[in-house]
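> First the structure, which I've put down as structure tokens, then a few questions once you've had a look.
The values are calculated or read from the model by the stated rules, or taken from the named source; none is laboratory data. Here the structure is a predicted model, which is why all the values come from computation and not from measurement. Heads up, the Cβs are rebuilt from the backbone with ideal geometry, glycines too, and the neighbour counts pull from every protein chain shown. Note: areas computed on protein heavy atoms with side chains; ligands, DNA, RNA excluded. Shrake-Rupley method; radii C 1.70, N 1.55, O 1.52, S 1.80 Å.
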Amino acid sequence: QVQLVESGGGLVQPGGSLRLSCAASGFAFSHYTMTWYRQAPGKERELVASISSLSDITNYADFVKGRFTISRDNAKNTVSLQMDSLKPDDAAVYYCKVRALPNWGQGTQVTVSS
């Protein structure tokens, strides 16, 4: 079955960096576009970034463009999200998701606070 396990979240000061990782299994990872979403308390889940199966196309939400970088390693079945210049508004639970499949992981909490 599809499994998505996010890691790398934590507490960081404004302006700091974190790198999130997602380990995927149970499907042909290299064939699928992967995405990162986030959900802050009281808000809807929103798309942060996506990366095509061969990493040739990446897309970012305007609110992270220039600060976050999505990447993947098809040999390791992992997708990552490098987050730089973090702001308090970036605090949320971050999830990875296969664009074409309905499954969600448990998410990883990111807290941005001084």
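> Show PHE68, PHE27, PHE63 ordered by accessible area, largest first, where the area counts protein heavy atoms only and the probe is 1.4 Å.
PHE63, PHE27, PHE68
> Can you give the FRET efficiency to the nearest 0.05 for ASP89 and VAL5, using r as the Cβ-Cβ distance and R₀ = 35 Å?
The formula returns an efficiency of 0.85 here.
> Of the chain, which part is the longest with no trypsin sites (Lys or Arg not before Pro) in a loop (DSSP not H, G, I, E, B) and with at most 16 other C-beta atoms within 10 angstrom? Can you show the working numbers first?
Working: sites that count: LYS43, ARG45, LYS65, ARG67, LYS76, ARG99.
Here the longest run is 1-42.
> For GLU44 and ARG99 in one chain, what is 0.36 nm times their gap in residues minus the Cα-Cα distance, to one decimal in nm? Spell out each step's value before the answer.
Working: separation 55, 0.36 × 55 = 19.80 nm, distance 1.73 nm.
My answer for the length gained is 18.1 nm.
> Then there is this: Ordered by packing density, taken as the mean number of other Cβ atoms within 10 Å over each peptide's residues, highest first, how do 77-89, 46-58 rank? Let's see the in-between values first.
Values: 77-89: 17.8, 46-58: 15.5.
The packing order, highest mean first, is 77-89, 46-58.
> Pick out which of ASP62, ASP90, ASP73 has the largest mean-square fluctuation in a Gaussian network model of the chain, springs linking Cα atoms closer than 10 Å.
The residue with the greatest mean-square fluctuation here is ASP62.
> Also, I was wondering about something else. Could you work out the relative contact order of the chain, using alpha carbon pairs under 8 angstrom and six or more residues apart, expressed as a whole percent?
Relative contact order of the chain: 37 percent.
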